[in-house]
Amino acid sequence: MTAKLTIDIYSDVMCPWCIIGYNQLQKGLETLQGEIETEVRWLPFELNPDMPPEGEESLAHIARKYGRTPEQAKAGREQMRSVGARAGYSFAYSGAAPEPPAMLWNTFAAHKLLKWTLIEHGAAVQNRLKLALFDAHFQQRRAVADPEVLADVAAELGLDRAAARAAIDDAVLGEIVRAEEAGAWDMNISGVPAMLIQGKYLIPGAQEPEVYAQALRRVAAREAAKA
C-alpha cells in the first residue's frame, strides 16, 4: 500500500538552497518507486524581511551581510551554480541580452500570492507557482517584489490575473502569512528550507536524496504503526 505524507516546506523565493532541496527531495522520492506519495505545500519564510522595495544587488548584499569581499561573494555564487547543476537546477541567466544584475527582493507579496494560490487552487497549483517564481527570480531576473510581475507569473500559469493581483493587496492574506512566519520562529526555524513532514517531523536544510528517502520511510513506518 502506498503511504501518503504531507510535506510543508518553509521557504523563501530568494533562497537557492530551497530549490536545491526541493530537487533533491524529488530525486529521493524517485528512488522510493511509488512506495510513498507526497503532497507538498509551501509555507512563508523571509530571509530579508527588511529588504526595501527597490531591492539590493545580490553580491553587494552578500558582501555586506556576511562580511565577504566581492571576490569571495563571486566565488560563492559560482559554487552555488555548481551545486545547483548537480541537483538538476540551473542558476544561469536565460533571458534576453543584456544580462541584468542579480537582485534580492522583498518577498512578502510573493508569499501572499502563494498562500492565495494554495487556498483557492490547491497544493499542486501552488507548487507550480513556487517553481515558476524560482525560475522568474534566478533564471529570468524578474523583479518578484513587483505586484505586476507577480500577477504576470500567475497569469502565465493560467491563473486569473486580476484575482491574483487582488490577492497581493489582500490584508487578510497578509495576516495569515505573518502568522505562519511567526509559527516558524516558534519552532526555532531560523533558516530554510525546513521541511515539516506530517506537521511534526522536521528535516532542516537541503539534504542529499538518500537522506530524504530514508527520513520519509521512517515517518511512513511510524504513521503506519499508529494506524
Output the number of residues of region 1-25 satisfying the condition of being assigned to a strand (DSSP E or B) and not aliphatic (A, V, I, L, M). 5
Evaluate region 21-41: report whether one residue or more is over 21 Å from ARG86 (Cβ atoms), in contact with a Lys or Arg (Cβ under 6 Å, 6 or more places away or on another chain) and open to solvent by 10 Å² or more (accessible area, probe 1.4 Å). yes
I'd like the residue in region 86-114 that is charged (D, E, K, R) and part of a helix (DSSP H, G or I) and, out of all such residues, is least open to solvent (accessible area, probe 1.4 Å). LYS112
Inside region 183-208, can you point out the residues that are under 12 Å from TYR10 (Cβ atoms) and open to solvent by less than 60 Å² (accessible area, probe 1.4 Å)? GLY183, ALA184, ILE189, GLY191, VAL192, PRO193, ALA194, MET195, LEU196, ILE203, GLY205
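Check GLY76, GLY122 and return the single one that is on the phi < 0 side of the Ramachandran plot, out of contact with any strand residue (DSSP E or B) (no Cβ under 8 Å at 6 or more places or on another chain), open to solvent by less than 40 Å² (accessible area, probe 1.4 Å) and free of Cβ contacts under 8 Å to residues at least 40 places away in the same chain.
Result: GLY76 is the single residue among GLY76, GLY122 that is on the phi < 0 side of the Ramachandran plot, out of contact with any strand residue (DSSP E or B) (no Cβ under 8 Å at 6 or more places or on another chain), open to solvent by less than 40 Å² (accessible area, probe 1.4 Å) and free of Cβ contacts under 8 Å to residues at least 40 places away in the same chain.
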I'm checking my understanding of the structure. Among residues of region 164-182 that are open to solvent by less than 50 Å² (accessible area, probe 1.4 Å) and among the β-branched types (Val, Ile, Thr), which one is farthest from the chain's Cα centre (by Cα)? ILE168
Selection from region 146-165 of residues that are of a type in the set (A, V, I, L, M, F, W, C) and more than 17 Å from GLN126 (Cβ to Cβ): VAL149, ALA162
What is the number of the single condition among (1) in contact with a helix residue (DSSP H, G or I) (Cβ under 7 Å, 6 or more places away or on another chain); (2) more than 27 Å from ARG222 (Cβ to Cβ); (3) open to solvent by less than 20 Å² (accessible area, probe 1.4 Å) that VAL83 does not meet? (3)
Looking at region 172-227 only, could you name the residues that are basic (Lys, Arg) and not in a loop (DSSP other than H, G, I, E, B)? ARG178, ARG217, ARG218, ARG222, LYS226
In region 88-145, the residues that are over 17 Å from ASP12 (Cβ atoms) and small (Gly, Ala, Ser): GLY88, SER90, ALA92, SER94, GLY95, ALA96, ALA97, GLY122, ALA123, ALA124
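Of the residues ARG142, ARG161, only one is surrounded by 14 or more Cβ atoms within 10 Å (Cβ to Cβ) and either in contact (Cβ under 8 Å) with a residue 60 or more places away in the chain or closer than 28 Å to GLU57 by Cα (or both); which?
That would be ARG142, the only listed residue that is surrounded by 14 or more Cβ atoms within 10 Å (Cβ to Cβ) and either in contact (Cβ under 8 Å) with a residue 60 or more places away in the chain or closer than 28 Å to GLU57 by Cα (or both).
The values are calculated or read from the model by the stated rules, or taken from the named source; none is laboratory data. What you see is a predicted model, and the numbers here were worked out from it, not measured in a lab. Cβ atoms come from the backbone with ideal geometry, glycine included; neighbour counts cover every protein chain shown. The accessibility values were calculated without ligands, DNA or RNA, using every heavy atom of the protein model including side chains. Shrake-Rupley method; radii C 1.70, N 1.55, O 1.52, S 1.80 Å.
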